[in-house]
1. Note down the nm distance, to one decimal, between modelled labels 7 Å out along Cα→Cβ at SER257 and at GLN306.
2. Based on other C-beta atoms within 10 Å, arrange GLU270, GLU324, GLU155, GLU140 from fewest to most.
3. Once the Cβ-Cβ distance between GLU335 and LYS359 is put in as r, and R0 is 41 Å, what FRET efficiency do you end up with, to the nearest 0.05?
4. Can you sort THR64, THR252 from fewest to most other Cβ atoms within 10 Å of each residue's own Cβ?
5. Quick query: amide H of THR176 versus all other amide H atoms, modeled in the peptide plane; which residues come in under 5 Å with a sequence gap of 5 or more or a different chain?
6. Which value in nm describes the separation of the simple spin-label points at ASP245 and ASP209, placed 7 Å from the Cα toward the beta carbon?
7. Based only on other Cβ atoms within 10 Å, what is the fewest-to-most ordering of TYR220, TYR326?
8. Give me the extension gain from ARG268 to PHE349: residue separation times 0.36 nm, minus the current Cα-Cα distance, reported in nm with one decimal.
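What follows is calculated from the coordinates using simple rules that are stated; it is not laboratory data. Only a predicted model underlies this, so the values are computations on that prediction, with no experimental measurement involved. Don't worry about glycine lacking a Cβ; one is built from the backbone with ideal geometry, like all the others, and counts go over all protein chains shown.
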Amino acid sequence: MKDYGHVDGQPSSPVPSTCEAFEHRALAAALTVGLAPSAPASPNADILAACAAFSQEGRSAAVTVDITKVSVDLNDPVGKVSHLSLALRNAPLNDQPTRMQHYSCDVYFSRGWGLIAIGVSSGFPASRLQIGVADADHLEWTGDWMVEPASGISELSLLGFLEGTTSVVVGGEPSTPTKYGPGIRHGSFWSLLFNPKGQQVGSMPTTRDYGSSSDLFPHYADASHNRLWVFRCVVVSAPGPRQPDCPIDWTTLVGDSSSSPEFDPRKRSEKRTDFWTLPGTFAAPDGNTIVVAQGDTVWLVDLQEQTVERLVVPKRFHFPQSEEIYGAAAISPDEKIVALPLVKESLAFPYLVDNYVYKGTNFAVVQLHPFQLLGILPGAGPKSWAACAIDDRGGHVIALIFHEDHWERTELTRSPHS
């Protein structure tokens, strides 16, 4: 394994105060990828969620969800800005405070078809999902529909456009009734396919079984490469060096079923503590390469070549403050740059275990080839949604970041050796 150690001569971040506390938070982040790390008490209580994306052609979409509508700002490569809006179907309930009703947002561009898909989920776990698909070239909506609990899927999420098609994928784990209400049946992943007008393709969900009902394996659905990635991590009551390995494999998300052999990145001569215990952040540059992050460390894994590179993000905070990578990552359309959320927390007095206060989210921008940190960008504060999109164009990296109640664009320069 190639180890890049420390960046810019700075030491790595410290180990969290307790392994148990960190593993609990990392698992929660891994199982809710795509959600903000903490629901903010926004100064603008009307804002429910925010998300953004770039297209291969250099167009950007910045989405803001408020209590009545979904607003989209489309910016083309020459700077022309256009607007779209859509009424919010799953609006907040009047008898509950807005801050108590969890919303999240996802947006994707199709590759080569000029379409944009937006998903707004509500509930915890997410039980209702509104999907809007628009023709970005002609600025018109082609579909607007709801996916409801009757679908049988818990933690409903829009996963993007299926590889090489105009079909959008919705997925999650199947729901199951319990005496406390709807629950999640672990060990399986269900996917539904829709055309851009909202018509379901096929009458039944695609089912992928990846474990038993007791398995809480972190898993990530990647529609753009038709993959369901599974980390077969089991955490035991033991020190870090004695934790079991956390191998990876994948199966196709929809269509004909196929899968990869299981890959354990650790070789006999390497330390267990040099690898993740539970991934906090995930991205897939292609169908055989993934980016995994946990704590202050980022790994670039090539399953086909069976290689692993490692990068440690420099330490910037000391106890009782911390900054760790977890939450949804953003990847550039050319799949060469990732933006990883650096979630800032502070252990509140009297400094008891798990008494963490969310302080906001910055973003570590990482170049994959060569594997290096390009910079850390300021992001959302404690009263704002954490949302970021990243683009790589003409030797410059462009970041679109949500700040409090508006979107801002920032540029970085790429390495000349890439």
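1. 2.6 nm
2. Values: GLU270 13, GLU324 26, GLU155 22, GLU140 9.
Fewest-to-most Cβ neighbours within 10 Å comes out as GLU140, GLU270, GLU155, GLU324.
3. Result of the calculation: an efficiency of 0.85.
4. Numbers: THR64 25, THR252 19.
Ranking THR64, THR252 by Cβ neighbours within 10 Å, fewest first, gives THR252, THR64.
5. Residues meeting the amide H criterion: GLY183, ILE184, ARG185.
6. 2.6 nm
7. Ordered by Cβ neighbours within 10 Å, fewest first: TYR220, TYR326.
8. 24.9 nm is the gain from fully extending ARG268 to PHE349.
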